[in-house]
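First comes the structure, then the notes that go with it.
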Amino acid sequence: MNRKKLKTLVLESYKNDILDSNIVYSIANFLTRSELKEYINQLKNHENKKNVIVLTSFAANSNKGFEKLFPNKKIVYKKDPSLMLGVKVVDNDNVYEFNLKNTLDNIISYIT
Amino acid sequence: MIDSKDIIKQLEDRLMTFGQDLKVQNIGRVVKNTDGVVVASGLSNAKIGEIVYLEEGSSGVVLNLDEDYVSIILLGKADSIKEGDEIKISGKILSIDVSDELLGRVINPLGEPLDGKARIKNGKSIPLERIAPGVIERESVNTPLKTGIKAIDSMIPIGRGQRELIIGDRQTGKTSIAIDAIINQKPMTKDQQPIICIYVAIGQKQSTVAQVIDKLSQANSLNYSIVVNAGASDPASLQYLAPYAGCAIAEYFLEKGKDVLVIYDDLSKHAWAYRQISLVLRRPAGREAYPGDIFYLHSRLLERAVKLNKENGNGSITALPIIETQANDISAYIPTNVISITDGQIYLQSDLFNSGIRPAINVGNSVSRVGGAAQTQAIKSVSGKLRLELAQYRELASFAQFGGELDAATSQQIERGKRITEILKQPRFQPLSEPFEFLSINAVVSGLLNDVPVDRIQAFEKDYHAFIKRNYPKIIDNLSKGEKPTDEVLKQIEKATQEFKKIF
């Protein structure tokens, strides 16, 4: 099975925009090992595209500003104390840095 | 001079602006790492030829953009890269820092020093891949680039801005010709500007490159030369990038209006490195398993050899690519490609080399398509006859070897041919200046050596040059101008030759 067909299967694995475990397991039963590996990768990529991860240095509550910035995407909040202060937003393969850790890293790389 | 307070103030200002802008980074993850090629997911903003940085510190260049994946060639060791490692794009196209400080240095294709000296700082960043100058900026080849090798300067002349291929089997003296050409660019007077020479070693043994550097150093030629080395033990990615790095360095000097000579030693190994990368990248393989764009690989490199017109600085880049053939087969894929790209070729043959004819140039198969226009009138006046007589000799000699009686004219022509062959022999790393090249060729073409035994021709030549230099410096001065010698000068030369023959 080629990559395009697997992509179609990934899209078919969703019911009302939610990953359906029954469909996923029934698809997985028909796949070879390598196809299953590719299917999992594509599922992960699809999930990444649907979600936006907001990392903050403290436990964050939902913020409507992010929902406005990323419409049609699910916002996942996570705590990351290493950021020290500020936020880090991960939208698929784009990372938006606005935190103290990144500022300090920039200063270190500028000096060295 | 900037005050120390100002410097600190500038740094403080810079510190205040850190983190004010939202930093957006495009990242990816390593999916696969095979033989110096990393396949990564993500990196949706990556561009072809862009530098990327890996989490563990190494860097790479984007070479393939697929629907879901990006293929990256690594510019260093690939040992510690793991699946899932983060990759960041840099927004920068692969380039090399070049400055005048590079002269006399040995570097790798990334501009990192290999000679143990300090890294080049404050250089100008020149991209490795560049579009060659267009027709409006160019002018035709009109100035000679002397190699100091009699056979080449007389019969296969090279002009500044030309691309002349040196082709032949292994151990036939290809690199020696290139080194001779570099040594011959040494300025004769203090006012004379040397031609900047760049020697690009691709896939060579480190010992061979060390010998070349040693030879250049001994000849005091390193101070106007740069060696770019991507050795046999370096990754294929560096071997692939080496000639482009050499060309980028040449373009830096070209922009300053200088004349540059670049030697690519050799493009066969460059093609092998690119084939290796392409096969790992799973690009479709064509003839001899080379990828479809192997012709473009070399044509876009050699197109960057140029002679710019006066409005654009009048600089030039002369390219001497080297191709190694297998069993003298010039009809293989890469040799025919490069022959068709270049403006001529110097074909070296192993049987000529083994029979003692060195440089082992096969005059019949060697040609210079544009160099004739750049030849000086002095050499031109004697070289036309030379090529014809040598071709006739080769023809007659092949018949004469069957034995049988020969008429006087044929015998005389064969004898002349033997002397021409003998005079064109030249030891390695001893290039001659134009006046001496003229004297040697003129002596044999005008029949002045007809009564000198063939086995004594080389000894005659050596002493003859010394004699003229010592007793007739005016002749040397006259010939140095490059103009066609007047009848008076020719008479003087004849008189001097007869005088020398009496004492020889």
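Provide A:Ile40, B:Ile334 in ascending order of the number of other Cβ atoms located within 10 Å of each residue's Cβ, fewest first. Write out the running numbers ahead of the final one.
Numbers: A:Ile40 14, B:Ile334 24.
Going from sparsest to densest Cβ surroundings: A:Ile40, B:Ile334.
Grab the beta carbon distance between B:Ser207 and B:Arg29, set R0 = 60 Å, and tell me the FRET efficiency rounded to 0.05. Don't jump to the answer; show the numbers that get you there.
On the way: r = 41 Å, r/R0 = 0.68.
Rounded to the nearest 0.05, the efficiency is 0.90.
Across the residues of B:59-72, average count of Cβ atoms on other protein chains within 10 Å?
Numbers: counts 0, 0, 0, 0, 0, 0, 0, 1, 3, 6, 1, 0, 0, 0.
Averaged over the peptide's residues, the number is 1.
Can you give the average number of partner chain beta-carbon atoms within 10 Å of each beta-carbon in peptide A:95-101, as a whole number?
If you average over the peptide's residues, the count of other-chain Cβ atoms is 4.
So how do B:Tyr333, B:Tyr199 line up by other beta-carbon neighbours within 10 Å, fewest first? Show your work: numbers first, answer last.
Numbers: B:Tyr333 15, B:Tyr199 28.
Lowest count first: B:Tyr333, B:Tyr199.
Using 0.36 nm per residue, how much length does the chain from B:Gln392 to B:Ser411 gain when fully extended, once their Cα-Cα distance is taken away? Each step should come with its number before you reach the end.
On the way: separation 19, 0.36 × 19 = 6.84 nm, distance 1.19 nm.
Value of the extension gain: 5.6 nm.
Local charge sum around A:Ser34 (other residues, Cβ-Cβ under 15 Å, Lys/Arg +1, Asp/Glu -1)?
Working: positive: A:Arg3, A:Lys5, A:Arg33, A:Lys37, B:Lys32; negative: A:Glu35, A:Glu38.
With Lys, Arg at +1 and Asp, Glu at -1, the neighbours total +3.
Can you give the FRET efficiency for A:Asn41 and B:Ser90, using 1/(1 + (r/R0)^6), R0 = 22 Å, r = Cβ-Cβ distance, to the nearest 0.05?
Numbers: r = 26 Å, r/R0 = 1.16.
It comes out at approximately 0.30.
Any aspartates and glutamates with Cα under 18 Å of the B:Lys77 Cα? List them, leaving off those in the same chain fewer than 8 positions away.
B:Asp35, B:Glu55, B:Glu56, B:Asp85, B:Glu86, B:Glu112, B:Asp234
Given labels modelled 7 Å from the Cα in the Cβ direction, how far is it in nm from A:Lys68 to B:Lys121?
Going by the 7 Å Cα→Cβ label model, 4.9 nm.
Got a sec? How would A:Met84, B:Met155, B:Met188 order by Cβ neighbour count within 10 Å, fewest to most?
Working: A:Met84 13, B:Met155 25, B:Met188 9.
Ranking A:Met84, B:Met155, B:Met188 by Cβ neighbours within 10 Å, fewest first, gives B:Met188, A:Met84, B:Met155.
Could you work out, residue by residue across B:40-49, how many beta carbons of other chains sit within 10 Å of that residue's beta carbon, and then give the average as an integer? Let's see the in-between values first.
On the way: counts 1, 5, 5, 1, 3, 2, 1, 0, 0, 0.
Per residue, the average neighbour count from other chains is 2.
I want to check a number: in region B:179-275, how many lysine pairs have alpha carbons closer than 24 Å, given a sequence separation of 8 or more or different chains?
Close lysine pairs under the 24 Å cut-off: 9.
Can you list the DSSP H helices in chain B whose Cα atoms extend at least 27 Å along the helix axis and whose mean Kyte-Doolittle hydropathy is 0.5 or higher? Intermediate results must be reported in sequence, preceding the final value.
On the way: long enough: B:236-255 (30 Å, 0.65); B:377-400 (35 Å, -0.04).
Within chain B the helices that satisfy the rule are B:236-255.
Mind checking region B:72-114 for trypsin sites (Lys or Arg not before Pro) that DSSP puts in a loop (not H, G, I, E or B) and that have at most 14 other Cβ atoms within 10 Å? Before the final figure, lay out each step's value.
Working: sites: B:Lys77, B:Lys82, B:Lys88, B:Lys92, B:Arg105; in loops: B:Lys77, B:Lys82, B:Arg105.
Hits after loop and neighbour filter: B:Lys77, B:Lys82.
Taking a label point 7 Å from the Cα of B:Gln193 along the Cα→Cβ vector, which residues of region B:96-111 have an amide N closer than 18 Å to it?
Taking a point 7 Å out along Cα→Cβ of B:Gln193, the residues of region B:96-111 whose backbone N falls under 18 Å are B:99-104.
Any chance you could check the Cα centroid distance between region B:66-119 and region B:483-504 for me, in angstrom?
59
Loop only per DSSP, at most 15 neighbouring Cβ atoms within 10 Å: give me the chymotrypsin sites (Phe, Trp or Tyr not before Pro) in region B:353-419, ordered by residue number.
On the way: sites: B:Phe353, B:Tyr393, B:Phe399, B:Phe402; in loops: B:Phe402.
Qualifying residues, ordered by number: B:Phe402.
Along each principal axis of its Cα atoms, how long is region B:103-150 end to end? Whole angstroms, biggest number first, please.
40, 34, 16
Please report the projected area of the protein assembly as shown's Cα convex hull averaged over all directions, in nm².
Values: hull surface 153.8 nm².
About 38.5 nm², averaged over all directions.
Calculate, for A:Asp17 and B:Glu83, the FRET efficiency according to 1/(1 + (r/R0)^6) with r their C-beta to C-beta distance and R0 35 Å; round to the nearest 0.05. Write down the numbers at each step before the final one.
Values: r = 30 Å, r/R0 = 0.86.
With R0 = 35 Å, the Cβ-Cβ based efficiency is 0.70.
The numbers here are math on the coordinates, done by the rules we state, and not lab data. Keep in mind it's a predicted model, so treat the numbers as computed, not measured. No Cβ is skipped: glycine too gets one built from the backbone with ideal geometry, and neighbour counts run over all protein chains shown.
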